[in-house]
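First up is the structure itself, then whatever we jot down about it.
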Amino acid sequence: MSTDLAAADGSTTKHRRSLRRALVNWLWPIFGDFPRELLRTKLVRFIIAGARYVWFVLILRRLRTVSGSEGVARSTIKHNLRGMLDLHVERSLRLIYPIAMWAAARRISLADQKVLTIGPRTEGEIFNLVAHGFRRRNITGLDLISYSPSIQLGDMHAMPYPDASFDVIIAGWVISYSDQKDVAASEIARVAKPGAIVAVGIEWGRKSPEQVAAERTGYIVGSAKRLPTAQAILDLFGERVDRVYAKVDDQDFAPEDAGDLLVVFRLR
């Protein structure tokens, strides 16, 4: 009888330990990820980024720009200053999702990857990266415009980083603003580690830059020389491209007059 009781007590103790282990292994990561999950909500991201924008720009007056950068299209800063209130930056998700998919398939922790985002403009893209698994201290932002401690002032044609610095580089809708796209591509390849993942997005349109200027902006947005296809983006990197993971290049089927060309690839 006493032996049976002892066995039952031992089983109960093991069961409790297993339950505690399950709580730590399964439930704690859920609660620990809650702040990150909140950042995936557009409204939450907008409120946090908006509050920080008010603090840094309107109160502390920290908005700064880089002028006279060689290779940058003339209207770049003017045009992007007009879009500073795009604080939730939903567009950047079009490049982040394929990277997250690649990392999940390879069992790679994005938290350990050093990432450079070129031209984030506001902190919204930084928060998007954090929301999808990147660790904030491993994120570097570089832009011609900055008010944030998370975004350094600089030019993608001459980046202030040593060779082989980053595991992931995101250039979302910035190469279109370059008049020296081959130089920008060479700089991206230079600061990328061997085997780094590069994600590039650009906007395409059926209307000419002059038509867009006449109808909407009054000036040509970005460089007058466009990249017509996603393959043209890859051609900028030439033989440095090792493997292409995602490619959106089907504007001939698109019903709208404008859209995006996207590529996500690995460098050699």
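What pairs can you find where one residue is in segment 118-131 and without any contact (Cβ under 8 Å) to a residue 60 or more places away in the chain and of a type in the set (Asp, Glu), the other is assigned to a helix (DSSP H, G or I) and surrounded by fewer than 24 Cβ atoms within 10 Å (Cβ to Cβ), and their Cβ atoms are less than 9 Å apart, with a gap of 6+ or different chains? Going by the 9 Å Cβ cut-off, the qualifying pairs are Glu125/Arg91. Checking each residue in segment 120-143 for being part of a loop (DSSP other than H, G, I, E, B) and surrounded by fewer than 23 Cβ atoms within 10 Å (Cβ to Cβ) picks out His132, Gly133, Arg135. Selection of segment 254-268 for residues being surrounded by fewer than 18 Cβ atoms within 10 Å (Cβ to Cβ), in contact (Cβ under 8 Å) with a residue 12 or more places away in the chain and of a type in the set (A, V, I, L, M) yields only Ala258.
Residues in segment 98-107 that are exposed (fewer than 14 other Cβ atoms within 10 Å of the Cβ) and farther than 16 Å from Val248 by Cα: Ala104, Ala105, Arg106, Arg107. Each residue in segment 144-156 was checked for being assigned to a loop (DSSP other than H, G, I, E, B) and either closer than 24 Å to Leu236 by Cβ or under 14 Å from the mean Cα position of the chain (by Cα) (or both), and 5 pass. Considering the conditions (1) modelled with pLDDT under 95; (2) within 22 Å of Val263 (Cβ to Cβ); (3) β-branched (Val, Ile, Thr), Val115 is excluded by exactly one of them, (1).
Among the residues of segment 67-93, those identified as closer than 16 Å to Asp179 by Cα and part of a loop (DSSP other than H, G, I, E, B) are Ser67, Gly68, Ser69, Glu70, Gly71, Ala73, Arg74, Ser75. Of all residues being over 30 Å from Ser186 (Cβ atoms) and basic (Lys, Arg) in segment 32-77, which is surrounded by the most Cβ atoms within 10 Å (Cβ to Cβ)? Just the residue, please. Looking at the filtered set, the residue picked out is Arg45.
The number of residues in segment 78-97 being touching a residue at least 40 places away in the same chain (Cβ under 8 Å) and surrounded by fewer than 18 Cβ atoms within 10 Å (Cβ to Cβ) comes to 7.
The values are calculated or read from the model by the stated rules, or taken from the named source; none is laboratory data. The model shown is predicted, which means the values in this text are computed figures rather than measured ones. Backbone-built Cβ (ideal geometry, glycine too); neighbour counts: all protein chains shown.
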